[in-house]
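Student: Got a structure for you, written out below as structure tokens; questions coming shortly.
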Number of protein chains: 2
Amino acid sequence: MKTLPRKDQIRLKAQVLFREKGYVASSMRDIADTLGIEAASLYNHISSKEEILQDICFSMAESFFVAIEPISTENIPLDEKLKKAITAHIGVIAANSDASAVFLHEWRHLGNPSLSDFKLMRRRYERIFSSMLDDGIRTKVFRAVDVPLTVRTLLSAMNWTYEWYNPKGKVDPTAMSEHICKLILDGLRN
Amino acid sequence: MKTLPRKDQIRLKAQVLFREKGYVASSMRDIADTLGIEAASLYNHISSKEEILQDICFSMAESFFVAIEPISTENIPLDEKLKKAITAHIGVIAANSDASAVFLHEWRHLGNPSLSDFKLMRRRYERIFSSMLDDGIRTKVFRAVDVPLTVRTLLSAMNWTYEWYNPKGKVDPTAMSEHICKLILDGLRN
DNA sequence: TTCGCTAACTAACGAGCGTTAGTTAGTTTA
DNA sequence: TAAACTAACTAACGCTCGTTAGTTAGCGAA
């Protein structure tokens, strides 16, 4: 029964608030209240409100890369690889739905240079999926789709799933991933 | 070259701001600035900041219903019906990308009772798609997928498309709809 | 025992917020 | 022409915001 460092406690509480009300609408006094301390006391542990947002966004980004990069270099059939990538991505979301929601919706309130860095990372992440689709099309595993459009569609199809893990684990991430994989790969038609 | 009523001008400018910075981070003074007037002058035309948000959210909701409801009652094959529904939905987004972005992301800053009303409308809208999937599954046009999960995935796959129409019409809505229809119906696999 | 560190506190700052009151110039209506 | 309406203005209200300064109680190390 270890107690977390105060800074981590702040991040965890802030995640929930940022997800529920949004970053701008969540005040430092709101965050402090959930910890039972005064707003000013937060500054013994963090240097600004935005630092909390940065921590959430960039640590989530890293989680996604850590999950996806080893898969992207595997030498396996492209449809299988995409399946593993989708499963990994959804796994990261499922493992931290609050932070995922913040990562996906509140990043635009980052100031520069964090904002530019964040956008670059996102582009880099999308390019991993683009490469997989390109390779799959070249090897005739996939149809000759519009790749940028399909990547965005795929990511959007995955990125709402944090909502599913909010109230209580009604759906397990594995079942969810399998459903989405099947839908993306083979479609809805019988 | 008609000049719009001031209230409509306010809504149009607010749409852009709310989309770019979010509702909470956009101040009445920001909105007034884009019109070249003082913040207080806005109150000759509207009664509160939230009223602007309500107007945007509920008029967009109505646009979606107007587009989708006639299709939902047509008597045509279910895959064709779904295709028409997807095309109609994306058409509404394409016709007003700023308002769509606000509709999709800022609704949670509505206060009650607007917020509850909004959520009910969304549920009702989702149910239209659920019915189409149910019918399609019953008539063996579609596979026996998990309907709620598939509806959410479908909506997410469509609802990012407002981003595409932001800078300048690079992609036409028809091509975009066809891509997404094909992907959802037949999948990515060759 | 004293020193220094940690993590809380109180108090307050300046800025910005949404909104209201009261006023005014110009335009439309009676 | 006089009255009423429209749509802007200035000024200000009360409140909340993120943040800073200075203080203090408790605790482990020298």
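Student: Please identify the helices of chain B, taking whole runs of DSSP H, that span at least 24 Å along their own axis as judged from the Cα atoms and have a mean Kyte-Doolittle score of 0.0 or higher. Walk me through the numbers before you get to the answer.
Tutor: Numbers: long enough: B:49-72 (35 Å, 0.56); B:78-95 (25 Å, 0.53); B:114-138 (36 Å, -0.62).
Correct list, ordered by number: B:49-72, B:78-95.
Student: Highest GNM mean-square fluctuation, chain B, Cα pairs closer than 10 Å: which of B:Ile76, B:Ile86, B:Ile180?
Tutor: Among B:Ile76, B:Ile86, B:Ile180, the largest GNM mean-square fluctuation belongs to B:Ile76.
Student: Here is a further query. Lysine pairs, Cα distance under 27 Å, 8 or more residues apart or cross-chain: how many in region B:1-106?
Tutor: Numbers: B:Lys2/B:Lys13; B:Lys2/B:Lys49; B:Lys7/B:Lys21; B:Lys7/B:Lys49; B:Lys13/B:Lys21; B:Lys13/B:Lys49; B:Lys21/B:Lys49.
Count of close lysine pairs: 7.
Student: Can I ask one more? From the label point of A:Glu80, set 7 Å from Cα along Cα→Cβ, how far away are the matching label points in the other copies, in nm, ordered shortest to longest?
Tutor: In ascending order, 4.1 nm.
Student: Something else about it: In nm, to one decimal, how far is the modelled label at A:Arg138 from the one at A:Ser27, with both set 7 Å along Cα→Cβ?
Tutor: 5.6 nm
Student: Within a Cβ distance under 14 Å of B:Leu155, other residues only, what is the Lys/Arg minus Asp/Glu net charge? Spell out each step's value before the answer.
Tutor: Working: positive: B:Arg122, B:Arg123, B:Arg124, B:Arg127, B:Arg152; negative: A:Glu163, B:Glu126.
With Lys, Arg at +1 and Asp, Glu at -1, the net is +3.
Student: Report the GluC sites (Glu not before Pro) located in region B:62-110 that are in a DSSP loop and have at most 15 other Cβ atoms inside 10 Å of their Cβ, or state none. If you can, show how the numbers build up before the last one.
Tutor: Values: sites: B:Glu62, B:Glu74, B:Glu80, B:Glu106; in loops: B:Glu74, B:Glu106.
When the GluC sites (Glu not before Pro) of region B:62-110 are filtered for loop state and at most 15 Cβ neighbours within 10 Å, B:Glu74 remain.
Student: Around A:Asp79, what is the net charge, scoring Lys/Arg as +1 and Asp/Glu as -1 over all other residues with Cβ under 12 Å from its Cβ? Walk me through the numbers on the way to the answer.
Tutor: Values: positive: A:Lys81, A:Lys83, A:Lys84, A:Lys140, A:Arg143, A:Lys182, B:Arg189; negative: A:Glu80, A:Asp135, A:Asp186.
In short, +4.
Student: Here's a follow-up. Picking from A:Pro113, A:Pro148, A:Pro77, which is most flexible by a Gaussian network model of chain A using Cα springs under 10 Å?
Tutor: A:Pro113
Student: Under 10 Å, Cα contacts only: if you run a Gaussian network model on chain A, which one of A:Leu104, A:Leu149, A:Leu82 comes out with the highest mean-square fluctuation?
Tutor: A:Leu149
Student: Sticking with this structure for a sec: Take the Cα gyration tensor of chain B, multiply each eigenvalue by 5, square-root it, and list the three semi-axes largest first, rounded to whole angstrom.
Tutor: On the way: eigenvalues 248, 62, 38 Å².
Over the Cα atoms of chain B, the ellipsoid semi-axes are 35, 18, 14 Å.
Student: Could you point to the residue in A:Leu110, A:Ile90, A:Pro148 farthest towards the positive end of region A:64-190's charge dipole, with +1 and -1 charges on the Cβ of Lys/Arg and Asp/Glu respectively?
Tutor: Final value for the positive-end residue is A:Pro148.
Student: From the mean inverse distance of alpha carbon pairs (Kirkwood) and the Cα radius of gyration, derive Rg over Rh for the protein assembly as shown. Don't jump to the answer; show the numbers that get you there.
Tutor: On the way: Rg = 21.9 Å, Rh = 22.5 Å.
Ratio value, two decimals: 0.98.
Student: Longest span of chain B, sites excluded, free of trypsin sites (Lys or Arg not before Pro) in DSSP loop with at most 14 other C-beta atoms within 10 Å?
Tutor: Numbers: sites that count: B:Lys2, B:Lys140, B:Lys168, B:Lys170.
Answer - B:3-139.
Student: Count charges around B:Ile10 for me, please; just the other residues with Cβ under 11 Å from its Cβ, Lys/Arg as +1, Asp/Glu as -1.
Tutor: Details: positive: B:Arg6, B:Lys7, B:Arg11, B:Lys13, B:Lys49; negative: B:Asp8, B:Glu51, B:Asp55.
After counting each charged neighbour, the total is +2.
Student: Compute the convex hull volume of the Cα atoms of region A:74-165, divide it by the residue count, and report the result per residue in Å³ as a whole number. Could the numbers behind the result be given before it?
Tutor: Working: hull volume 9.5 nm³, N = 92.
Hull volume normalised by residue count: 103 Å³.
Student: Still on this structure, I have one more. Once you sort the root eigenvalues of the Cα gyration tensor of region A:115-190 as a ≥ b ≥ c, which label holds: rounded (a/c under 1.5), prolate (a/b larger than b/c) or oblate (the other case)? Walk me through the intermediate numbers first.
Tutor: Numbers: a/c = 2.68, a/b = 1.15, b/c = 2.33.
It is oblate, given that a/c is not under 1.5 and a/b is not larger than b/c.
Student: How far is A:Asn166 from the same spot in each other copy, in nm, shortest first, if each label point sits 7 Å from Cα toward Cβ?
Tutor: Copy-to-copy label distances for A:Asn166: 2.3 nm.
Student: Shielding by partners for A:147-157, please: the mean number of other protein chain Cβ atoms within 10 Å of each residue's Cβ.
Tutor: 5
Student: Express the relative contact order of region B:1-41 as a whole percentage, based on alpha carbon pairs under 8 Å and six or more residues apart in sequence. Intermediate values should be presented prior to the final figure.
Tutor: Numbers: 20 pairs, mean separation 12.2, N = 41.
Relative contact order, region B:1-41: 30 percent.
Student: Here's something else I'd like to know. If you put +1 on each Lys and Arg Cβ and -1 on each Asp and Glu Cβ, how big is the dipole of region A:1-152 around its Cα centre, in Debye rounded to 20?
Tutor: On the way: 22 positive and 20 negative charges, 47 e Å.
That gives a dipole near 220 debye.
Student: Using just the helices of chain B, give the 222 nm mean residue ellipticity in deg cm²/dmol: DSSP H runs with n ≥ 4 each add -39,500 (n - 2.57), and the total is spread over all residues, rounded to 500.
Tutor: Working: 8 runs with 127 residues, N = 190.
Rounded to the nearest 500, the figure is -22000 deg cm²/dmol.
Student: Under the rule a/c < 1.5 gives rounded, and otherwise a/b versus b/c splits prolate from oblate, where does region A:1-64 land using the Cα gyration tensor? Working shown, then result.
Tutor: Values: a/c = 1.56, a/b = 1.16, b/c = 1.34.
Since a/c reaches 1.5 but b/c is at least a/b, the shape of region A:1-64 is classed as oblate.
Student: Once the label point is placed 7 Å from Cα along Cβ, list for A:Arg122 the distances to the corresponding points in the other copies, in nm, shortest first.
Tutor: 2.0
All of the numbers you see were taken from the coordinates with simple rules; none came from a lab. For clarity, every value in this text was computed on a predicted model and none was experimentally measured. No Cβ is skipped: glycine too gets one built from the backbone with ideal geometry, and neighbour counts run over all protein chains shown.
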